[in-house]
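Okay, so here's the structure we're looking at.
Derivation of every value follows stated rules applied to the coordinates shown; laboratory data play no part. Keep in mind that this is a model prediction, so the values were computed, not measured. Glycine gets a Cβ as well: all are built from the backbone with ideal geometry, and neighbour counts include every protein chain shown.
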Amino acid sequence: MSRPARCRIDLAALRHNLRLARRLAPGARLAAVVKANAYGHGAVRIARALAGEVDAFAVACIEEALELRESGIARPIVLLEGVFSPDELALVERAALTPVVHSRAQLAWFLAARPRRPLDCWLKLDTGMHRLGLTPSEFIEAEVELRNCAHLGRLVAMSHLARADEPGEGEEATRGQIADFRAALSGLDLPISLANSAAILAWPEAHGDWVRPGLMLYGASPFAEPHPQAAELRPVMTLESTLVAVHRLPPGARVGYGGRFCCTRPTRLGVVAIGYADGYPRHAPDGTPLLVEGRLAPLAGRVSMDMLTVDLTDLPEVGPGARVELWGAGLDVGRVAAASGTIAYQLYCAVSRVAVEVQDDLIDQ
Ligand SMILES: *Cc1c(COP(=O)(O)O)cnc(C)c1O
C-alpha cells in the first residue's frame, strides 16, 4: 500500500478547456503554455494530450523545450524568455525551436548566428509591464534588422498584459497596453500575439493572430471574482488524500505545531496524509476549505510536512479512510488560493511527489 496522497489529471477536462479557448478566439492560432511542467500537471503528459489540437507550445526555457522534443512532440515550441546565452541558438536550430527576442543583446545574438536553416522569431515589445521587451523605437529598428537578416524565418510580434485579470481596476491599463501595441506596429505587416488566459476570456480585442493560454487550459480562472466565461472551465487537476486518524478532543485542546488551533467545543479532529512537501500551502490559515467525502470542512491547525488536520465536528459520520479533496473537481482551487493569500498558479506549480493518476475519457466530448 502506497502513500494515499495523489493527483488525478483529467485529460477530457483539458480538451474541454482547449475547446473553450478556441471558441472564444476562433480566428487565432493557439500556443498552449506548458512551462513549469505544465503548471505542475506534467509537461509531457499534457503536451501529448494536446499535440494534435494546438498550433504550438510555449515554455520558459530550452530545457523544457528539449524535454518535449525528446518525448516526440513535433509542434513548434516558443521559448517565452528566448535564449539565455548565444550558444543556446545552436540548440534552438537543432531542435527547431522559436525563440522570443526581448532585448538588444538577444537580437545581436540572433543576427550573428549562422544557422543552416531559417529560424523563426517572436519579437517582444514592452507595452507597459516593464518585465521583458524592447521599447517602441528599439522594436522598429529590430524589425528592420530582422527583415534584412538572411536566416530569419517567420516573425511574430508579441507583448504581454500586466492587468488583464482585473476587470474594473485594470481596464484602463489593459486598454492602454493594447493601444500602444497597435500603435507601435502600425505600418508593419506582422502577425501579433498578446493574449494570456485572462485576455482570451475577457479581452476579445487583444486576441490577434496567436493566443497563449496557460492557466485556463488547466481549468482554473485567472480572475479573483466569478466571471461568466471562466465559469465554463473544468478543473484538470484534483489533489486528494485520505483521513488516516480521527481524535476526540475537549474544549481548550490545541492542535499541531505552535498549537495554532484551539478547540472551542468538543471536537472531532481528522488527520490527512498530505502536507506542504506535497505542495499544499503551509501558510493556509485555519478555516481554509477542504472537501471530506464531498462535504466542506475547515483546516484546523498548522500544515505539517506530510500531514494536515481538519475539523470534522460537523461531519460525525466520516472516519479513517475517508476521501479528502484539497482542490479540484469538487473544490475550486481559487478558493484555496484566496484563503491562503496566493493564486492558483502557485498552488499548481508547487505540487510534487504525489502519485499521479491519469483519466482520459475520450467518450466525453
Ligand atoms: C505564462 C505566460 C502566458 C500564459 O499565462 P496564463 O495567465 O497562464 O494564461 C502567456 N504569455 C506569456 C509571455 C507567459 O509568460
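Listing for the model above:
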{"quantity": "For the stretch 164-260, with +1 on Lys and Arg beta carbons and -1 on Asp and Glu, the positive-most of Gly168, Thr238, Ala199 along the dipole", "calculated": "Thr238"}
{"quantity": "Protection proxy ranking, peptides 246-259, 217-230, average beta carbon neighbours within 10 Å, highest first", "calculated": "217-230, 246-259"}
{"quantity": "Unit charges at the beta carbon, dipole of the stretch 163-308: most positive-side option, Phe181, Ser304, Met216", "calculated": "Ser304"}
{"quantity": "Order by protection proxy (mean Cβ within 10 Å, highest first), peptides 326-332, 313-319, 63-69", "calculated": "326-332, 63-69, 313-319"}
{"quantity": "Rg/Rh ratio calculated on Cα atoms of the stretch 252-365 (Kirkwood radius)", "calculated": "0.99"}
{"quantity": "The chain - Debye-derived log10 I(q)/I(0), Cα point model, q = 0.07 Å⁻¹", "calculated": "-0.36"}
{"quantity": "For Ala322, residues with placed amide H under 5 Å, excluding near neighbours", "calculated": "Leu243"}
{"quantity": "Given charges at Cβ of Lys, Arg, Asp, Glu: the chain dipole, positive-most of Ala25, Gly321, Ala284", "calculated": "Gly321"}
{"quantity": "Long-range HN-HN contacts of Ala195 with modeled amide H, under 5 Å", "calculated": "Arg212"}
{"quantity": "Whole-Hz couplings from phi, Karplus 6.51/-1.76/1.60, listed for the stretch 316-327; x for Gly and Pro", "calculated": "x, 8, 8, x, x, x, 4, 7, 10, 9, 7, 6"}
{"quantity": "The stretch 288-295 - phi-based ³J(HN,Hα) in whole Hz, Karplus 6.51/-1.76/1.60, Gly and Pro as x", "calculated": "4, x, 10, 10, 10, 6, x, 10"}
{"quantity": "Within the chain: Cβ-based charge dipole about Cα centre, in debye rounded to nearest 20 (Lys, Arg +1; Asp, Glu -1)", "calculated": "740"}
{"quantity": "Total charge dipole magnitude, the stretch 1-158, about the Cα centre, Cβ charges on Lys, Arg, Asp, Glu only, Debye to nearest 20", "calculated": "800"}
{"quantity": "Equivalent ellipsoid dimensions for the stretch 1-92 as semi-axes, Å, which come from the Cα gyration tensor, largest first", "calculated": "24, 20, 10"}
